[in-house]
1. Report yes if residue 217 is at pLDDT 90 or above and out of contact with any strand residue (DSSP E or B) (no Cβ under 6 Å at 6 or more places or on another chain), otherwise no.
2. Do we have any residue at all in segment 166-176 that's open to solvent by 70 Å² or more (accessible area, probe 1.4 Å) and at pLDDT 90 or above?
3. Which one of these does residue 119 not meet: (1) in a strand (DSSP E or B); (2) touching a Ser or Thr at 6+ places or on another chain (Cβ under 8 Å)?
4. Among what's in segment 97-121 and is basic (Lys, Arg) and in contact (Cβ under 8 Å) with a residue 12 or more places away in the chain, pick the residue that is most open to solvent (accessible area, probe 1.4 Å).
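The values are calculated or read from the model by the stated rules, or taken from the named source; none is laboratory data. Treat the numbers as computed from the prediction; the structure is a model and nothing was measured. When we count neighbours, we look across all protein chains shown, and the Cβ atoms used for this are built from the backbone with ideal geometry, even at glycine. Heads up: the accessible areas ignore ligands, DNA and RNA and are worked out on the full protein's heavy atoms, side chains in. Shrake-Rupley method; radii C 1.70, N 1.55, O 1.52, S 1.80 Å.
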Amino acid sequence: MTEADQQDDSVEVLLDAMGEGVDQLPGFAGPDVAEGVVIVAQGGRPEDEPAPEISYEQFGAAYIRQVLHKDRILKMVNDVLGPTIELGPIGAGPGRKAAMVSVLGTFRETKGEEIPGDLLSYRVFLPISVVFDVDLRVDKHRFTADVVVPLTLTVHTAAPLRVRIDITVPGEDEVALTLQADTRRGAVLQKVAGLESELRRFLVKVVRTELAKPYVRRATDFDMAALIDDAWPGIAAVILPRGPEDRLG
């Protein structure tokens, strides 16, 4: 046997010893792995429960629906609008000179449901307890109302990774309103003047004005890539090793 053959035998013996030795290391899993199969790292799915692969398109659709699920959308509406809405006094009636109207609305918990379809959409019902103060120049009246404003929220995706939520404000005939006057004269005015339809029209304008404000636009048109960049330190703290102890076993 030549010196070269002896060296080759020595290398093989050394490699065999290393292979046997590593099997004894704590936490080492030495399964028989088929060629081309990737071992799932710690924190991934167990090797005996492989996740079915899906396309990038399927992943994106599932991601949007998971991130913007119904409960999160409803909470977002509650958080964005805040507890109250206030407007006025502003002119109302012909030429905006017949009356001055002030509105103070208190939002209650939003309800809603998903609308089936290709685009992710929700029908959201916005309940508001509203106080209308109407100044008719000659006298003043206060009306209270329980109002439900139905909104339609539709999620759109735009290049490169933007999410836009369009909000459709209803027509006045879709607004549910139960009105009460605080005086008998106010009750008569309510019936004679057809005040409920006027207040519905006014309230739709109020909601439309509020939803057009910059703080609402910020919450309904955002860059997912920027949000993920900002959140990455927190994500990395969960998925990456935090110290030598995380590399054991």
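1. Details: at pLDDT 90 or above: yes; out of contact with any strand residue (DSSP E or B) (no Cβ under 6 Å at 6 or more places or on another chain): yes.
So residue 217 fits the description; yes.
2. Scanning segment 166-176, I find at least one residue that is open to solvent by 70 Å² or more (accessible area, probe 1.4 Å) and at pLDDT 90 or above, so the answer is yes.
3. The failed condition is (1).
4. We begin by selecting, within segment 97-121, every residue basic (Lys, Arg); these are 97, 108, 111.
With the extra rule that they be in contact (Cβ under 8 Å) with a residue 12 or more places away in the chain, the set shrinks to 108, 111.
Details: 108: 100, 111: 117 Å².
Of everything passing the filter in segment 97-121, 111 is most open to solvent (accessible area, probe 1.4 Å).
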